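Please treat every number below as a calculation from the coordinates, not as lab data. What you see is a predicted model, and the numbers here were worked out from it, not measured in a lab. Cβ: placed from backbone, ideal geometry, glycine included. Neighbour counts: every protein chain shown.
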Amino acid sequence: MKKPILLSATVLCAFAAQAMLDDDEALSAAREALSRLTLREKTMLLAGSGTMTLAPVPGAATDREWTMSDSSSTVRASLERWGWSYVEPQEENTKLPSLSALAQTWDVEWARKHGEVLGAECRDRGVDQLLGPGVNIMRTPLCGRNWEYLGEDPVLAAKLCVPFIKGVQSYDVAATVKHFCLNNQELARGSVDTHVDDRTLNEIYLPAFRAAVKEAGVLAIMTSYNKIDGVWASENKYTQKGILRDRWGFKGFVVTDWGGQHTTAFAAMNGGGVEMHRGDRIRRIYNPKTGACPLAEAVERGEVPVSTVDEMALRTLFAMAKTGFLTGAKRKRGERNTPEHQRIAREEGAESIVLLKNDRGLLPLDAKAMKKVLVVGMLADEKQCRKGGSAEGNTPYEVTLFAALTNRLPHAEVKLMPFCAKTVHAETDATNATEAGAHVEMKTEEAYCSEDELHAAAMAADTLVVFTGTELGVQENMESEGRDRVEFDLPSQLQKAMHTILDWRHPRTIVISRSGTPVGYTWTDKADALLKTSYLGMEEGNAICDVLFGDVNPCGKLAQTWPRRYEDTAVAQCGTYNATNITYNERFYVGYRWHDKSGIVPLFPFGHGLGYTTFNMELEGIDGGRGGEPFTLRVAVENTGSRRGKEVVQVYAAYPDAKVERCAKELKAFAKVDLAPGETKTAKLSISLRDLAYWDEFNHSFRTDAGEYEVLIGASSADIRCKARVKVDDTRFFAD
Ligand code: GLC
């Protein structure tokens with residue numbers, strides 16, 4: 001063991017205070033640490049020592065390995081050093097709602113709490129780096145990992161990922177924003193070559209990553225598996241050096257996705273960072289025992305200057321210094337599976353639920369009036385927490401909807417039956433499973449019952465709860481890492497069964513649709529009460545019941561436009577989507593931007609969500625805007641109903657004076673307001689001139705032209721309540 005790093009007194013006293021040092025102190029500590037390492041010791045900072053570890057740093061305050069763990073909604077149980085199997089007994093951690101659920105809260109406070117829970121649970125587990133948040137924009141509803149990401153809009157994703165990352169890092173744990181970049185499908189994710197124009201890249205697919213770096217100070221970035229314009233993301237000079245380092249000043253380190261590195265010297269010379277892979281694979285590449293060390297050998301052959309290895313290793317050491325791992329500075333204590341974490345999982349989940357329809361005011365339900373309840377759909381009692389590839393979790397418990405209803409209605413008979421639909425999943429052999437250890441269900445046939453049986457049971461019940469949607473898994477209509485769904489619609493037999501059940505016109509039929517991505521439905525016009533939830537983790541059943549029975553007034557808003565048909569989507573109409581070479585021909589017309597341009601009315605619009613009360617919104621006034629200062633909108637929101645509730649004020653910008661092609665409107669700001677019945681509050685929302693900018697491809701910078709802009713204030717992208725014009729005096733360019 002080398003002598004510990006002797007640090008200058010000034011630096012030491014700083015460390016004693018807190019772990020999350022300021023950048024200069026951390027850089028100073030990193031530089032001192034680096035100066036004492038040999039070339040091979042430096043390269044050990046740049047390649048996994050196991051599936052989820054980096055080798056101990058000689059001279060650091062600890063001789064422990066730097067430890068990583070997935071992912072965006074839980075801390076995954078420990079993996080074996082050389083593979084994807086779990087160390088037994090597996091640790092248990094809280095499983096929070098998925099990020100597609102968090103996105104539906106439109107609430108920066110929940111994003112912060114979500115990150116803090118994960119940071120605390122990492123610390124309790126001795127995990128130094130969390131491999132999340134995933135922020136890839138939803139380009140196609142078929143992507144198998146939309147459930148793990150923050151929706152279709154760059155502003156919503158950017159504004160939610162910042163507090164998430166700050167929450168994680170407030171516990172002296174490095175967050176890892178992923179997958180950088182243009183990883184918007186799982187189909188052939190390891191080989192597909194993606195092409196996008198610079199404006200679309202900068203206006204749609206980069207903003208969340210940019211916010212993670214420039215506003216949240218994220219300490220790590222995971223590159224994606226795909227190619228970008230023919231060059232692997234893990235060795236793409238434009239994205240890794242041109243954007244990350246030169247434009248954004250990223251100080252942390254880049255880590256490849258597992259197995260996502262393809263070269264050594266070329267990657268190192270083009271902004272590469274830490275190479276990760278399944279332990280046994282990385283051991284064959286970097287093996288202290290055999291001395292195999294491609295990066296050091298590349299240096300010794302003169303292909304890579306030592307200075308480049310120093311720059312790469314310094315980034316890893318910087319993150320280690322920032323978290324206190326390197327210097328032994330006191331790090332925040334963690335905890336896991338606490339009642340507080342479980343409360344957060346339940347309440348965040350409940351506030352993520354979107355009430356799409358509530359005709360005849362069927363909701364909320366009155367538990368006392370319910371004596372015989374029929375729940376239709378076996379997924380209502382199928383646990384999901386242990387599914388989802390690298391996002392899977394091992395939880396202390398999981399409350400399904402059926403279990404929660406049964407607990408909630410001890411006086412009633414609550415019965416579960418399958419759909420009257422014989423749904424057969426194609427066999428999926430194990431080779432289709434992703435390397436991330438995704439479980440591969442070999443399920444081939446859903447349970448089903450006859451229509452008469454189901455009809456008789458439904459007519460005998462006073463309440464019918466129909467649970468539909470997708471499930472996590474690697475088969476054709478499931479959602480998970482490593483594969484896309486093969487079709488937008490639910491299997492036709494399920495669609496038919498939904499029509500059959502809804503045609504019975506049972507007077508109290510509640511439909512709950514769970515999915516992390518929009519799913520093709522042909523029956524929604526027949527549903528009076530329709531709730532949309534994403535995967536809510538271990539408190540899912542309780543969260544849904546809290547909304548069903550009115551303990552929580554639903555306030556979720558769609559973070560993804562819900563198209564009527566796959567053919568209505570931008571990718572289906574003008575983008576390319578395949579397993580080899582894709583071009584984002586739809587450009588920045590993603591989601592609602594596309595529906596505004598094409599005039600195709602979606603089934604449910606971006607930002608839509610009802611509640612058990614109603615709200616008024618009025619623009620009180622707009623301040624600022626002179627001499628380049630931001631515009632501050634004052635919006636009066638009134639609860640005009642009889643229940644306390646929360647509303648999300650959404651502000652979009654439109655460009656009547658635009659001299660270049662621009663979308664009809666784009667989300668720029670949002671705020672959630674909590675109001676008692678009859679109460680009015682003023683929400684203040686800020687829009688900077690930079691917020692109004694577009695990417696000027698000729699000047700290679702963001703630009704806001706002088707002229708008139710329109711601000712649209714509403715409760716969804718299709719429910720604009722008031723608007724106003726603002727004037728920008730001078731055209732401005734922005735460094736970034
Ligand atoms: C997977 C995933 C990534 C995950 C990593 C480690 O391939 O793409 O999101 O963090 O491997 O499990």
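Work out how far the C-alpha atoms of the stretch 9-322 reach from end to end along every principal axis, then list the three figures in whole Å, largest first.
Principal-axis extents of the Cα atoms in the stretch 9-322, largest first: 48, 45, 41 Å.
Can you tally the lysine pairs in the stretch 236-324 where the Cα-Cα distance is under 30 Å and the two residues are eight or more apart, or on different chains?
Summing the qualifying lysine pairs gives 5.
Got the relative contact order for the stretch 615-734 handy, in percent, Cα pairs under 8 Å and 6 or more residues apart?
In percent, rounded to a whole number, it is 28.
Relative to the Cα centre, what is the charge dipole magnitude of the stretch 615-734, using +1 at the beta carbon of each Lys and Arg, -1 at the beta carbon of each Asp and Glu, and rounding to the nearest 20 debye?
340 debye
How large, in Å, is the stretch 347-557 by the Kirkwood hydrodynamic radius built from its alpha-carbon pairs?
After inverting the pairwise mean of 1/r, the radius is 17.5 Å.
Return the equivalent ellipsoid semi-axes of the chain as a descending list in whole Å, where each equals the square root of 5 times an eigenvalue of the C-alpha gyration tensor.
The three semi-axes for the chain are 42, 31, 25 Å.
Of the listed pairs Lys387/Lys557; Lys95/Lys387; Lys357/Lys422; Lys227/Lys668; Lys357/Lys526; Lys646/Lys723, which have alpha-carbon separations greater than 19 Å here?
In this structure, Lys387/Lys557; Lys357/Lys422; Lys227/Lys668; Lys646/Lys723 lie more than 19 Å apart at Cα.
Over what distance in Å are the Cα centres of the stretch 300-342 and the stretch 251-274 separated?
16 Å
Using the crude model of +1 on Lys and Arg Cβ and -1 on Asp and Glu Cβ, and no other charge, please compute the dipole size for the stretch 625-668 relative to its Cα centre, in debye to 20.
Around 180 debye, computed over the stretch 625-668.
Provide the gained length on full extension for the span Glu303 to Asp359, in nm with one decimal, where the gain is 0.36 nm per separating residue minus the Cα-Cα distance.
Gain on extension, Glu303 to Asp359, equals 13.3 nm.
How high is the FRET efficiency between Gln573 and Ala706 when r is their beta carbon distance and R₀ equals 41 Å, given to the nearest 0.05?
0.75
Using only the alpha-carbon atoms of the stretch 615-734 as identical scatterers, what base-10 log of I(q)/I(0) does the Debye formula give at q = 0.10, 0.19, 0.22 Å⁻¹?
Scattering profile of the stretch 615-734, log10 relative to I(0): -0.33, -0.96, -1.19.
Of His179, Gly516, Leu374, which is farthest along the charge dipole of the chain in the positive direction, counting Lys and Arg as +1 and Asp and Glu as -1 at C-beta?
It is His179.
Hey, how many Å between the Cα centroid of the stretch 226-248 and the Cα centroid of the stretch 372-417?
Measuring centre to centre over Cα atoms gives 44 Å.
Counting Lys +1, Arg +1, Asp -1, Glu -1, what net charge surrounds Thr200 among other residues with beta carbon under 15 Å of its beta carbon?
-4
Picking from Leu99, Ala216, Val649, whose Cα lies most toward the positive end of the charge dipole for the chain (charges on Cβ: Lys, Arg +1; Asp, Glu -1)?
Projecting each Cα onto the dipole axis, the largest value belongs to Ala216.
When only alpha-carbon atoms count, how far does the stretch 476-575 stretch along each of its three principal axes, as whole angstroms with the largest first?
Sorted largest first, the three principal extents are 43, 32, 22 Å.
I'd like the distance between the alpha-carbon centres of the stretch 516-583 and the stretch 127-203, rounded to an integer number of Å.
If we compute the Cα centre of each part, the gap is 19 Å.
How far apart, in nm, are the 7 Å Cα→Cβ label points at Glu620 and Ser35?
5.6 nm
Between Thr583 and Arg199, what is the FRET efficiency for a Förster distance of 22 Å, r being their Cβ-Cβ separation, to the nearest 0.05?
It comes to 0.95.
Find out how many positive minus negative residues lie around Leu685, taking Lys and Arg as positive, Asp and Glu as negative, among other residues whose Cβ is under 12 Å from that of Leu685.
So the surrounding residues net to +2.
Only Lys, Arg, Asp and Glu count, each charged at its Cβ (+1, +1, -1, -1), so figure out the dipole size of the chain about its Cα centre, rounded to 20 debye.
The calculation lands at about 1120 debye.
Counting only helical runs of four or more DSSP H residues, what would the 222 nm mean residue ellipticity of the chain come to if each run contributes -39,500 (n - 2.57) and the total is spread over all its residues?
The helix-only estimate for the chain comes to -7000 deg cm²/dmol at 222 nm.
Just the Kirkwood number for the stretch 64-128, please: inverse of mean 1/r across all distinct Cα pairs, in Å, one decimal.
Evaluated over the stretch 64-128, this radius sits at 12.9 Å.
Relative contact order for the stretch 347-557: what is it in percent, counting Cα pairs under 8 Å that are at least 6 residues apart?
34 percent
With point charges of +1 on the Cβ of Lys and Arg and -1 on the Cβ of Asp and Glu, referenced to the Cα centre of the chain, which listed residue (Gly167, Ala669, Cys449) lies farthest in the positive direction of the dipole?
Of the options given, the answer is Gly167.
Report the relative contact order of the chain, percent, no decimals, based on alpha-carbon pairs under 8 angstrom and at least 6 residues apart.
Computed over the chain, the figure is 15 percent.
By average Cβ neighbour count within 10 Å, what is the ranking of 618-628, 559-569 from highest down?
559-569, 618-628
Taking the chain as the reference, fit the longest principal axis to its C-alpha atoms, fit the long axis of helix 23-34 to the helix C-alpha atoms, and give the angle between the two in degrees, 0 to 90, nearest 10.
Here the helix axis deviates by roughly 50 degrees.
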